[in-house]
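*Asks:* Structure provided below as structure tokens; questions to follow.
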Amino acid sequence: MSLFAELKQRNVFRVAITYVLASWVLLQIADVVLGNIAAPDWVFKSLLLLLGLGFPFVLIFAWAFELTPDGLKREKEVDRSQSITTETGRKLNVIVICLLVTLVAILLADRFLFKDSVEISSVAAVESVDAKTKAAANPSVPKVTAKLVANSMGQNSIAVLPFVNMSSDPEQDYFSDGISEELLNLLAKIPDFRVAGRTSSFAFKGKNEDLRQIGESLGVANILEGSVRKGGDRVRITAQLVKVDDGFHLWSETYDRELHDIFEVQDDIAGAVVSELKLTLLGHALDAQADPLMQDPAAYDAYLKGLAFMNLGGPENSAKAAIQYEEAVRLESQSALAWAGLAKAQIWFAAQGADDIAAAKTDGRIAVDRALALNDQLPEAYMAKALQQYMFDWDWQGAMRSIDQALQLRPADTQARIVKSDILEILGHLDDAQQIIDEAESLDPRNDNVIRKKVGILQTAGRYREAETQRLNIIAKNSGVALPFDNSSLGRAVFDQGRFDDALTYFQAEPVGFARLTGLATVYHKLGRFDEAKAAQQELLETYGDAASYQQAAIYAEWGATDKALAWLRKAYEVRDPGMNSLLTDNSFDTIRGNPEFKDMLRKLGLAD
């Protein structure tokens, strides 16, 4: 008899099928039961391992033994004329059919009966003040479902929701938002700890949604939420840590303190979160040097206002932020945080059209040096230094070292990844830039600035239609409100597709002057409206002078005026126009890219060999 026939005769195949199906049913049941009793993950994994190890032993047993009316006997001891393997085979067939029916029933129930329960997004929103109440109000959400979600996210993951402003003055929102952001930054310093980005977490501000739904959306297993009530020089902060999978509190505390104790409160909250989640800290993430800003309520208040303006973006808000940060350093000159904030505000203001660019550059440089001198372990200071190095110094490698240092100090920082992606894009490393911004998106999936950066990479790569579509999606998500540079970027995307009338409409809507005028001068010329193109170019010159040298060069390159384009590039190099960091990838200069002087300019910038 052949081996195949012998295996069939001894019912080895039937036993194997029965064992696999029975194991599958057992695992399905165990998944539900263990999930509802909150058993540790290793229990399910151990069961899976045992069933896998048992499979070969079952096959050996089926080969070596036979079930007889007198019980189990070794196969070689059974007279073949008295063997009942055929009857045993029929019984196994019935068992297999029953197991298959059970499996189909489980799959159908999972597909149809529990569909509404599995989709956490279908759970009715409830008050987020008491997580236990939420759990009771949503009995249709199976605990196993939330547990599986949490397991996929990793237990050492958290989102810091914007703390609710409980003060009578709604103008105090900046203060409660600032407290939340500082807590987020503190937790983000912890290695191997996944912290959802600010923008994604703050997207839920003022929304009455179930925490389990928020946790699934942000990809975290834990949520820190709370409230802030500020009155005079005193503040009450209530914080609570909630586990996403079951909605129950892990920890909660209320702090009644004076404003100058605010840093101590933040450290206490972060320490409690770390303790509750039983994290292993590598280094001294929570032993960061205390900033004296917290000893002066007025200085801290000014700092938080500056932070709020910076989060709005655009040159006008950068200028307003700088004013607040200047007040903070005036009140507390030893604050590295305030100096770092001032540095970033001045650098962005200088890059986007300050009235006195040279002064803004100088002030930004002084502020960077001051911040690092006060605290060389501050991520914000290294981010500011990286901005200075790549925008004005054209020190690409130095900028990369600075931003890597910021990420080492705060591994989960989204903004640092955006800056690193900027540097990589400047150097033409688009694949690497895309990889870094993908990491940022995984940390902060609702951050429009991350998506804008992705759009910019698409545009640089020549994928203009995709860039247009994604930027329109961002604007639509924000109720049709376009931020500074949105319209000019859209204008360029459709211009490069040859849709010049659409480009004109977008450029006309751009609020940032130099971006609007550059676009108009370019598209008017392409439409044959040369007088209007010249008028836009002249207005740019009269308004911004040498500060828009790079934009003048781009206009003349688009017009085909090579000599004037190169002359303006020489001026842009002389005044260290931050636009020069786009020279390698800006397609406005494609018409002169082969020119020897243009190639020499790229070498001088360190953008070509």
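The values are calculated or read from the model by the stated rules, or taken from the named source; none is laboratory data. Predicted, not measured: the structure shown is a model, and the values here were computed from it. Note that each Cβ is placed from the backbone with ideal geometry, even for glycine, and that neighbours are counted across all protein chains shown. Ligands, DNA and RNA are excluded from the accessible area calculation, which covers all protein heavy atoms including side chains. Shrake-Rupley method; radii C 1.70, N 1.55, O 1.52, S 1.80 Å.
*Asks:* Could you work out how much longer the chain between LEU541 and MET166 gets when fully extended? Use 0.36 nm per residue separation minus the Cα distance between them, nm to one decimal.
*Replies:* 130.1 nm
*Asks:* Provide the gained length on full extension for the span LEU312 to ALA298, in nm with one decimal, where the gain is 0.36 nm per separating residue minus the Cα-Cα distance.
*Replies:* Stretched fully, the LEU312-ALA298 segment lengthens by 2.9 nm.
*Asks:* According to a simple spin-label model (label point 7 Å from Cα along Cα-to-Cβ), what is the distance in nm between TRP24 and ALA105?
*Replies:* Going from the ALA105 label point to the TRP24 one covers 1.6 nm.
*Asks:* Still on this structure: Kindly provide the chymotrypsin sites (Phe, Trp or Tyr not before Pro) of the stretch 507-557 that DSSP labels as loop, not H, G, I, E or B, and whose Cβ sees at most 12 other Cβ atoms within 10 Å.
*Replies:* Answer in residue order: no site qualifies.
*Asks:* Project the alpha carbons of the stretch 410-542 onto their principal axes and report the range along each, largest first, in whole Å.
*Replies:* Between the extreme Cα coordinates on each principal axis of the stretch 410-542 lie 52, 34, 27 Å.
*Asks:* Treat each spin label as a single point 7 Å out from the Cα along the C-beta direction, and report the ALA359 to ARG603 distance in nm.
*Replies:* Between ALA359 and ARG603, the label points sit 4.0 nm apart.
*Asks:* How would you order 202-210, 486-494 from highest to lowest mean count of nearby Cβ atoms within 10 Å?
*Replies:* 486-494, 202-210
*Asks:* Assuming R0 = 51 Å, what is the FRET efficiency of LYS571 and ARG236, from their Cβ-Cβ distance, to the nearest 0.05?
*Replies:* So the FRET efficiency works out to roughly 0.35.
*Asks:* Oh, and also: Whole Å is fine, so just give me how far the alpha carbon centre of the stretch 499-576 lies from that of the stretch 412-444.
*Replies:* 29 Å
*Asks:* If R₀ is 35 angstrom, what is the calculated FRET efficiency for the pair VAL43 and GLU209, using the beta carbon separation as r and rounding to 0.05?
*Replies:* Rounded to the nearest 0.05, the efficiency is 0.65.
*Asks:* Per residue, how much accessible surface does the stretch 462-565 expose to a 1.4 Å probe? Answer in Å², no decimals.
*Replies:* In whole numbers, the stretch 462-565 has 44 Å² accessible per residue.
*Asks:* Quick one: P(r) of the stretch 441-510 from all Cα-Cα pairs, 10 Å bins, percents rounded to integers, in order of increasing distance.
*Replies:* Spelled out bin by bin, the stretch 441-510 gives 22, 54, 21, 3 percent.
*Asks:* Still on this structure: Counting only heavy atoms of the protein chains, get the accessible area per residue of the stretch 345-404 (1.4 Å probe) and round it to a whole Å² value.
*Replies:* Roughly 37 Å² per residue, with all protein chains present.
*Asks:* Here is a follow-up. How much length would be gained if the chain were fully extended between ASN93 and LEU250, taking 0.36 nm per residue of separation minus their Cα-Cα distance, in nm to one decimal?
*Replies:* Extra length available between ASN93 and LEU250 comes to 51.5 nm.
*Asks:* Sort 467-478, 590-601 by packing, meaning the average of other beta carbons within 10 Å per residue, with the highest value first.
*Replies:* By packing density, highest mean first, the sequence is 467-478, 590-601.
*Asks:* Quantify, in whole percent, the carbon and sulfur part of the accessible surface of the stretch 363-474 (1.4 Å probe; protein heavy atoms only).
*Replies:* 44 percent
*Asks:* Rounded to the nearest angstrom and ordered from largest down, what semi-axes does the equivalent ellipsoid of the stretch 189-256 get from its C-alpha gyration tensor (root of 5λ)?
*Replies:* Equivalent ellipsoid semi-axes, largest first: 23, 14, 14 Å.
*Asks:* Follow-up. Extent of the stretch 519-609 along each principal axis, from alpha carbon coordinates, in Å, largest to smallest?
*Replies:* 40, 25, 19
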